[in-house]
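Reviewing the structure listed below.
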Amino acid sequence: MARGVLGFLGRRGVRGVRVVFVAVTFAFVLTLLLDGGDVNRIGTACSKDDIVIFQGQTAPLPDGIPAYSVQILNSGVSGCSISNIHVSCGWFSSVRLINPSVFKRIDYGDCLVNDGEPLGPGQTLYFQYANSFRYPLSVSSVVCC
């Protein structure tokens, strides 16, 4: 599988990036399933560490503005849905329109995922944004089931 992923890295464009993201997500989830998750974790309660954010550059917009793809994954193995996912995002903004029910900045440094609705186990949200630079995104808080 690694050979297939590396083969796609040489391709340009959004389709190649989506395939790489899908392959990376699949590999990550498969690893979690095979080793039972984080072996150092005590108990099966979920935490903000169960939400994983993948981010990578995609083909720029026609006017040359850099574009980025983001995947937000509930990687929890406890079977819990996770809601009210808040992401530390600075002054996040995008030239490309993002559906606000998927991802929106509600205050400086605070973005809300999935309109606060639960993200089920193994479920992934995907969106793209465009700006002159990549925003560092990290999970700041969640509510577990």
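Any read-out appearing in this document is the output of simple, stated calculations on the displayed coordinates, not a laboratory observation. Just so it is clear, the structure is predicted and the values come from calculations on it, not from any experiment. Don't worry about glycine lacking a Cβ; one is built from the backbone with ideal geometry, like all the others, and counts go over all protein chains shown.
Length gain on complete extension for the stretch residue 59 to residue 140, per 0.36 nm per residue less the alpha carbon to alpha carbon distance?
Working: separation 81, 0.36 × 81 = 29.16 nm, distance 2.85 nm.
My answer for the length gained is 26.3 nm.
Once you put a point 7 Å from the Cα of residue 108 and another 7 Å from the Cα of residue 84, both along the Cβ direction, what distance in nm separates them?
2.4
Largest first and to the nearest Å, give the Cα extent of region 43-144 along each principal axis.
Here the spans come out as 49, 25, 20 Å, largest first.
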